[in-house]
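Since every read-out is calculated from the coordinates, none of them should be taken as a lab result. All values derive from a computational prediction rather than experimental measurement. Because the Cβ atoms are built from the backbone with ideal geometry, glycine has one as well, and the counts that use them run over all protein chains shown.
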Amino acid sequence: MNGKVVTVTSGKGGVGKTTTTANLGIALASLGHQVVCIDSDIGLRNLDVVMGLENRIVYDLVDAVEGRCRLTQAMIRDKRFQTLFLIPAAQTRDKTAIAPSDMVRICDILRGEVDWIIIDSPAGIERGFRNALAPADEVLVITNPEVAAVRDADRIIGLVEAEEKGPAKLIINRINPAMVKHGDMLSAEDVVELLAVPLIGIVPEDEAVLISTNHGRPVVLDEKSEAGHAFMNLAKRLRGEEVPWMELDHKDGFFNRLGKFISGGD
Amino acid sequence: MASLFENLLGKKTSSADRAKERLHLVLIHDRTDLSPEDLQSMKDRLIQVISEYVKIDADETEIQIETDGREQTLIANIPLRSPRPRR
């Protein structure tokens, strides 16, 4: 096997990195792939609770790096999908417990075992981000349609380029079509124009995300949720499928026009 | 004041437009690592240096950073004043 390493990052905290990582993992596993999700936010472990696997943790990423367990012992199997695993972050250590070279080594081993390795990066541009970026074959940058998040995303996109890991692909999370329509939220089109990188996902604001996270059951498993559909589409695009842009504002076809804008752009 | 007139004319700038404008400027400064003050001082010095060689029309001079995708270009449009009429 020749697994692909995908790093999910954002610069700003709280824009949806962990939610996206969990949903991508579930979506890819449900499409029949072998997947490992890695929580690289050492000291602020949270991918485990979002995936609903917090009660199964014995060993973590730092244990595996420091040789206290075999790598497979730190891989927690998902409750729902036999082909999905989580390597949790250590909770009692900090970012300096791991070096970029450790992440490269771990991911090189995993590449031989699974199809996809999805790394949940910590916020910021420090060591934790460097750790998450080092092994990446592809980088997904998440932003919200909001000034601070877009600015930080631009900074991250520049750093990804500087490390020759670019161009990063953009995910715009928590878009509210009604607010966009009233001129009170940056549109996906605006954000793409400002950041000038390829778009891979648009996820609408959706209460179902919080509700499903409360249950430890990623929203992609909820067939009625628009955000769930959007995450599934993202996973399909990641594996190379062409998926039409979802119609979120049913009245004036905004996302249709966006789709045309993007495909007609080049 | 401008926004008051815009309101009266029913041409209110939306908050999204405002966000986009502000981001456009802030990203230029972030990407080039040039503060607005540094940019202004660079423009002033450029005008000064060029003026040592040719007469320029300072009021019509435009020096700005333009964005194309993720690339920034410094664009200068500096009209030269006609030399004194010959006898």
Got a sec? Which residues in segment A:1-16 would a label at A:R155 touch, if it sits 7 Å along Cα→Cβ and we count backbone N under 17 Å? A:9-16
Please compute the alpha carbon radius of gyration of the protein assembly as shown, then divide it by the globular-protein estimate 2.2 N^0.38 Å. Two decimals is fine. 1.18
Output the relative contact order of segment A:11-92, whole-number percent, from Cα pairs under 8 angstrom with separation of 6+ residues. 37
Once amide H atoms are placed 1.01 Å from N in the peptide plane, what residues at a sequence separation of 5 or more from A:I119, or on another chain, have their amide H within under 5 Å of its amide H? A:V6, A:T7, A:V8, A:I38
Okay, helix-only estimate at 222 nm for the protein assembly as shown: each DSSP H run of n ≥ 4 adds -39500 (n - 2.57), divide by all residues, round to 500 deg cm²/dmol; what do you get? -12000 deg cm²/dmol
Expected unfolding gain across B:E60-B:S14 under the 0.36 nm per residue rule, minus the alpha-carbon gap, is 13.5 nm
Low-density loop positions, GluC sites (Glu not before Pro), segment A:156-205 - DSSP coil, at most 11 other Cβ in 10 Å: A:E164
Modelling each spin label as a point 7 Å along the Cα-to-Cβ direction, I'd like the B:E52/B:T73 distance in nm, to one decimal. 2.8
If you filter segment B:45-87 for GluC sites (Glu not before Pro), then keep DSSP loop positions with at most 10 other Cβ within 10 Å, what is left? B:E52
When you look at the Cβ of every residue in B:13-22, what mean number of other chain Cβ atoms sits within 10 Å? 5
At what distance in nm do the modelled label points of A:E207 and A:R56 sit from each other, each positioned 7 Å from its Cα along Cα→Cβ? 3.0
Distance violations [Cα-Cα > 19 Å] among A:K165/A:K236; A:K169/A:K236; A:K17/A:K181; A:K12/A:K95; A:K165/B:K20: A:K165/A:K236; A:K17/A:K181; A:K165/B:K20
Would you mind checking which residues have amide H under 5 Å from A:G3's amide H? H placed 1.01 Å from N; only 5 or more apart, or other chain. A:G112, A:E113, A:V114
Separation in nanometres of the label points that stand 7 Å from Cα toward Cβ, at A:E113 and B:S82: 8.0
Percent antiparallel among DSSP beta bridges (both partners in the protein assembly as shown, rounded to 5): 25
Take each of the peptides A:21-32, A:91-102, average the number of other beta-carbon atoms within 10 Å over its residues, and list them starting from the highest. A:21-32, A:91-102
